[in-house]
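Throughout, read-outs are computed from the coordinates displayed, never taken from laboratory work. As the structure is a computational prediction, the values presented were derived from the model and not from experiment. Virtual Cβ from ideal backbone geometry, glycine too; neighbours counted across all protein chains shown.
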Amino acid sequence: MQHLLREYKANIFQALAHPTRIAILEALRDGELAAGAIQEQLGIEQANLSQHLSILRSRQIVAHRKEGNQVFYSLRNPVLVEVLGIMRRYFQAHLSEARQMLGEIAAEARTR
């Protein structure tokens, strides 16, 4: 059972492993958007957006519904917004550590 859970997690992280897909989720953070609005907000080609949305749909990360000739997308579970926030904090902590190390290297170089 643990193996299946790890595999599921890996599949989700694989789906999130592209900057455009993360940008799509960030665009959907505040609620449902039409595909055209996502495309306009991100400034990408329609075909490119469709590919990324297809991956997110297949991993059940986003939900979609049709209304007339428009397709609207939303996050299936808003907890992903929290996951992205945690990743942002992780990145900021890593960046802070890197800046501290660079400062120490620079200080060491000045004393030589």
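Figures for the structure shown
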read-out: Options Leu80, Leu4, His52, ranked by Cα towards positive dipole end of the chain, top entry (Cβ charges); value: Leu4
read-out: Extension reserve of the Ala98-Ser50 stretch, reckoned as 0.36 nm per residue once the Cα distance is removed; value: 13.6 nm
read-out: Segment Arg110-Phe91, length gained on full extension (0.36 nm per residue, minus Cα span); value: 4.0 nm
read-out: Residue-averaged 222 nm ellipticity for the chain, from DSSP H runs of 4+ at -39500 (n - 2.57), nearest 500; value: -22500 deg cm²/dmol
read-out: Choice from Arg21, Arg99, Arg88 showing the highest fluctuation, given a GNM over the chain with Cα pairs closer than 10 Å; value: Arg99
read-out: Cα-centre dipole for the chain with unit charges at Cβ (Lys and Arg positive, Asp and Glu negative), debye to 20; value: 280
read-out: Estimated D of the chain in µm² per second, where Rh is the Kirkwood radius over Cα pairs and Stokes-Einstein applies at 4 °C, 1.567 mPa s; value: 80
read-out: Residue range of the chain that is longest and free of GluC sites (Glu not before Pro) which are both DSSP loop and sparsely packed (at most 15 other C-beta within 10 Å); value: 46-112
read-out: Paramagnetic reach from Ala63 (point 7 Å along Cα→Cβ, amide N under 18 Å) across the stretch 20-36; value: 25-35
